[in-house]
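Notes for the one structure printed next.
The values are calculated or read from the model by the stated rules, or taken from the named source; none is laboratory data. In this text, all values refer to a predicted model and were calculated from it rather than measured experimentally. When we count neighbours, we look across all protein chains shown, and the Cβ atoms used for this are built from the backbone with ideal geometry, even at glycine. Side chains included, ligands, DNA and RNA excluded: accessible areas come from the protein's heavy atoms. Shrake-Rupley method; radii C 1.70, N 1.55, O 1.52, S 1.80 Å.
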Amino acid sequence: MIRQDQNGFSQRIRVDWLEYTANLVLAGNSRDDITAALDDRLREKLSVGQNPERGNRAKAITILTKVWVSPPSELRTLRDEGLDSLRRLAPNNRILLHWCMCAAVYPFFGIVADSTGRLLRLQGSAAAVQVQRRLRERLGERETVARAARRILRGFVDWGVLLETEDKGIYRSAARRPVDDTPLAIWAIKAVLTAQANKPQSAGFLLSGPHLFPFNIGIPSTRDLEADEDIEITRHGLNHDVLLVLAQATPP
């Protein structure tokens, strides 16, 4: 099932909250226990002194749990592989896991990242109003979209992938983070294909496109890609890009 572009990532989510959530899953906690632990951790950060049913804290917990605790059924294998990688990766590489899972579960997150990355490549900076304009062109005139985009951009600053400038609402890119880990790169390819509705793309674009602007990811060899049963490869002549899609499950 291919999900449509959707909003829902409407809060400023810190990467350490995602890390905390994923570690709670790895420790074998139940969904109820994880929700309670997140509520306790965020109590002094969101909806302080309040406990509204759909306040910012509750919305943030919904996002965190949907990413790592109970993603859509078609993303659970991707989530499980991501958790396996999280066990072995150093902290500086884990941010790619969180980035890609957010984009796979919430396509809107990836759309904001893509718009931001394109602006950074074009002019070396990205203004919030420019990102919002591009989103309106794609998704329509909705205040909820503009508000969510602002919060995601501020989240990018929290994650350390965007830097504020002297001009309010204008950002520049932080230094790109090198990722030289073939299994992680292949997992990221699958996550990006999922986020982009499984449109055939080259490995180079999938890992070097504007949607992954914070990272400098080593491209896996064709042999390594062929060894992954979840990826199908189509060749278009000797001098053309190899295109990748997610393999479709064979009906029983």
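Averaged per residue, the chain has 50 square angstrom of accessible surface, using a 1.4 angstrom probe with ligands and nucleic acids left out. If you take the square roots of the eigenvalues of the alpha-carbon gyration tensor of the chain and sort them as a ≥ b ≥ c, do you get rounded (a/c under 1.5), prolate (a/b over b/c) or oblate? The shape class here is oblate. Taking packing as the residue-averaged number of other Cβ atoms within 10 angstrom, the listed peptides 79-87, 159-167 run from highest to lowest as 79-87, 159-167. Net length available on complete extension from Thr165 to Arg133 is 9.5 nm, with 0.36 nm assigned per residue and the Cα-Cα distance removed. With the simple spin-label model, which puts each label point 7 Å out from Cα in the Cβ direction, the Glu141 to Ser30 separation comes to 4.9 nm. Take the Cα of Ala247, step 7 Å toward its Cβ, do the same at Ser125, and the gap between the two points is 4.8 nm. Using only side-chain charges placed at the Cβ, +1 for Lys and Arg and -1 for Asp and Glu, the dipole size of the chain relative to its Cα centre rounds to 920 debye. Here is how the number arises for the chain: DSSP H runs of 4 or more residues each give -39500 (n - 2.57), the sum is divided by the residue count, and the result at 222 nm is -17000 deg cm²/dmol.
For the stretch 98-243, the dipole from Cβ point charges (+1 on Lys and Arg, -1 on Asp and Glu) about the Cα centre works out to 740 debye, to the nearest 20. Along the charge dipole of the stretch 80-146, which of Ser125, Leu135, Leu86 sits closest to the positive end, that is, farthest toward it, with unit charges on the beta carbon of Lys, Arg, Asp and Glu (+1, +1, -1, -1)? Toward the positive end, the furthest listed residue is Ser125.
With the highest mean first, a sort of the peptides 138-148, 35-45, 91-101 on other beta-carbon atoms found within 10 angstrom per residue produces 91-101, 35-45, 138-148.
Bridge orientation summary for the stretch 133-252: considering DSSP beta bridges with both residues in this region, about 75 percent are antiparallel. Over the stretch 85-170, what percent of the accessible surface lies on carbon and sulfur atoms, probe 1.4 Å? Carbon plus sulfur share of accessible area: 46 percent. A simple spin-label model places the labels of Arg43 and Ser221 5.4 nm from each other, with each point 7 Å out along Cα-to-Cβ.
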